[in-house]
Amino acid sequence: MNFMNQAFILAKRAFEHDDVPIGAVIVRDGKIIARGENRVQKSKNPTLHAEIVAINKACKKLGQKFLDDCDIYVTLEPCSMCATAISFARIKNIYFAATDEKGGGITANAKIFENDKHLWRPNIIQMPEYAEQSANVLREFFAIRRNKG
């Protein structure tokens, strides 16, 4: 199963309910155990980013707070809030499609994992082969938003 493609399906669902199209899946032992898409607009809650939704579902499903034997696949570089939540959940690997120059928390802006005092540092893997797909979905979303006024 292509986990990043599954995350893009979730990004499209977020797009459909007028949320920024970002999707995330959490994988354990080669199987998806949790899915999340941005729900900020839909739920009127600024913390319900795709990664947070997926982490909450994974912890609930597994009945534990640490996901150290799990990976997360995200269609866009996690923001500082999400990167910190991923660290607190002790997720082993972060796979992301595109960097986020404005809001990214890993390669841009806060660069939270560059601090030696961070409690848990996941492995970070960018998947550049998906970067253009991510950028295209985001461009389309924001073009539609701009045209709505």
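The values are calculated or read from the model by the stated rules, or taken from the named source; none is laboratory data. Bear in mind the structure is a predicted one, so any value in this text is a computation, not a measurement. In this analysis, Cβ positions are derived from the backbone assuming ideal geometry, glycine residues included, and neighbour counts consider all displayed protein chains. Surface accessibility is based on the protein's heavy atoms, side chains included, excluding ligands, DNA and RNA. Shrake-Rupley method; radii C 1.70, N 1.55, O 1.52, S 1.80 Å.
Here is how the numbers come out for the structure above:
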| item | result |
| --- | --- |
| Among beta bridges that DSSP assigns inside the chain, antiparallel share in %, nearest 5 | 55 percent |
| Region 36-149: translational diffusion in µm²/s, Stokes-Einstein, Kirkwood Rh over Cα pairs, 20 °C, 1.002 mPa s | 145 µm²/s |
| Stokes-Einstein D in µm²/s, Kirkwood radius over Cα pairs - region 1-80 at 20 °C with 1.002 mPa s viscosity | 174 µm²/s |
| Per residue value of the accessible surface for the chain (all protein chains in place, 1.4 Å probe), Å² | 53 Å² |
| Dipole-positive endmost among 55, 72, 93 within region 53-132 (Cβ charges, Cα centre) | 55 |
| Projected-area average for region 64-125 over all orientations - Cα convex hull basis, square nanometres | 3.8 nm² |
| Filter on 57/102; 61/102; 42/117; 65/111; 44/102 - keep pairs with C-alpha separation over 30 Å | 61/102; 42/117 |
